[in-house]
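Undergrad: My questions will all concern the structure given below.
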Amino acid sequence: MICSLPWVHLSLQARDDAVGIRPCCWYLHSSVKKEFPNQWLTYNDVKRIGLTEASNSQVLKKTRQDMLAGKHVSGCQSCYDSEKIGNFSMRQNFNSKFKLDNLTEDFLHLKYIEISLDNICNLECKMCSSGFSTKLKKRDELVGYDVSPTLAYDLDLLDTINLDNVELVKVLGGEPFASKNHEKLLDKFQDLSKISFIYNTNCTIIPTDNIIKKMQSMKGLHFIISCDSIYKYNDYQRWGSKFKDIIANAITLKKTFSNINHFMFLNVYSLLNLNTYNISKKWFSKNGFKTSSEWERGELSAWHAPQWYEDWILEENDCDEVRNYFSYRQYNENKWKQFLKFINITDKLYNTKLKDYNPELARKLEIHESKGII
Ligand code: SF4
């Protein structure tokens with residue numbers, strides 16, 4: 001199964017416990033670490049050898065060789081899974097964009113970069129971690145998660161690879177508009193009018209005038225705006241954000257840039273807000289906004305929920321998307337207890353009560369969880 005990305009794309013991040021260079025963000029860290037225990041490159045390895053050499057690492061060459069030979073690539077399991085259930089995969093998406101010939105095991109040239117600038121963010125989203133927001137260090141410590149150090153990508157690493165063919169850059173954080181690295185990244189490119197940029201933003205910060213000018217000169221802009229359901233349901237999960245401000249800022253961005261090609265809200269559904277799937281979809285559609293759903297797979301995933309939770313959600317949100325999410329559900333008592341504990345700890349930390357934000361969920365937990373958490 002050929003995919004164009006391993007020949008033209010690099011996904012880069014500064015975390016040293018993760019794979020430091022990947023052919024895309026769907027490519028599974030865990031599979032790579034398992035299959036190539038002594039060969040996968042950390043961020044520090046990439047810093048030592050530079051991006052040109054890293055793009056031809058043993059792991060990436062093997063990925064390309066296996067694709068050319070029609071072999072299974074374990075790192076690409078997410079694409080296989082997505083295609084199996086009839087969803088569009090990252091591979092299909094980019095094969096239609098980048099049509100390549102005469103491929104060998106070597107990296108071709110860099111057309112598309114995805115880069116995580118740092119883990120500086122102004123929010124403390126419940127399903128996120130200190131790896132992506134330094135503001136979550138205290139919470140992660142209280143909950144018992146690993147606490148990530150402050151990270152920042154060394155952008156001078158981009159000087160170690162030819163950027164002349166780059167036509168697309170995806171900017172991730174933290175929050176890109178809160179990052180000091182953002183402007184430095186833009187200044188790495190000679191001519192922004194040849195490059196389109198994709199921004200994943202929480203839309204709580206409007207960029208400075210100087211950055212706005214640079215963004216206005218780009219070939220195109222794609223905004224993917226994180227907003228997890230509506231009103232108080234969003235505000236509880238995306239802690240620190242206010243739904244009304246996100247929408248107002250989104251409208252400001254739309255008015256500020258005439259070079260927007262793509263503008264979409266990304267709604268992450270988790271145990272905390274899945275009961276609002278339908279009302280959220282309806283609100284965004286009624287207000288003329290496109291949305292895409294993302295399904296929390298970590299600690300707040302509905303995969304761990306008991307049967308009553310699935311039955312309750314489907315009462316008012318019965319559709320293929322939600323049913324597909326539940327098709328991976330396997331009740332895990334420990335993880336479910338962790339979730340209940342998580343609500344208690346975070347409510348105490350932020351001086352909140354779940355029932356003030358998602359009263360329907362709070363009521364159901366009171367009924368079904370004998371010890372009660374509210
Ligand atoms: S097949 Fe999918 S996971 Fe593999 S490199 Fe392509 S897009 Fe990434």
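Please treat every number below as a calculation from the coordinates, not as lab data. If you're wondering where the values come from, they're calculated on a predicted model, not measured in any experiment. Here the Cβ positions follow ideal geometry from the backbone for every residue, glycine too, while neighbour counts run over all protein chains shown.
Undergrad: Which whole-Hz couplings ³J(HN,Hα) result when phi for each residue of the stretch 226-233 is put into the Karplus expression 6.51 cos²θ - 1.76 cosθ + 1.60, θ = phi - 60°, listed in order with x for Gly and Pro?
TA: Taking θ as phi minus 60°, the curve returns 7, 7, 9, 6, 10, 6, 5, 5 Hz for the stretch 226-233.
Undergrad: Moving on to the next point. Report relative contact order for the chain in percent, whole number only (criteria: Cα-Cα under 8 Å, sequence separation at least 6).
TA: Once divided by the residue count of the chain, the mean separation gives 12 percent.
Undergrad: For the chain, compute Rh as the Kirkwood radius over C-alpha pairs and then the Stokes-Einstein diffusion coefficient at 10 °C and 1.306 mPa s; write the answer in µm²/s, rounded to an integer.
TA: 72
Undergrad: Show the residues, 5+ positions off or on another chain, whose built amide H is closer than 5 Å to the amide H of residue 118.
TA: Result for residue 118 returns 153, 174.
Undergrad: Under a straight-distance cross-link criterion of Cα-Cα below 17 Å, which lysines are reachable from residue 33, leaving out those fewer than 8 residues away in the same chain?
TA: Within the straight-line limit of under 17 Å, residue 33 reaches these lysines: 61, 62.
Undergrad: Peptides 297-305, 330-338, 29-37: what's the order by average Cβ count within 10 Å, highest mean first?
TA: 297-305, 29-37, 330-338
Undergrad: For the peptides 11-24, 309-322, what is the packing order when you average, over each peptide's residues, the other Cβ atoms within 10 Å and list the highest mean first?
TA: 11-24, 309-322
Undergrad: Under a Cβ-Cβ cut-off of 12 Å, what is the net charge of the residues other than residue 243 that fall near it, where Lys and Arg count +1 and Asp and Glu count -1?
TA: Value of the local net charge: +1.
Undergrad: Next up: Taking Rh as the Kirkwood radius computed over C-alpha pairs, what is the Stokes-Einstein D of the stretch 32-120 at 10 °C in a medium of viscosity 1.306 mPa s, expressed in µm² per second?
TA: In µm²/s, the coefficient is 106.
Undergrad: With the dipole of the chain worked out from charges on the C-beta (+1 for Lys and Arg, -1 for Asp and Glu) around the Cα centre, which of 314, 80, 41 lies farthest toward the positive end?
TA: 314
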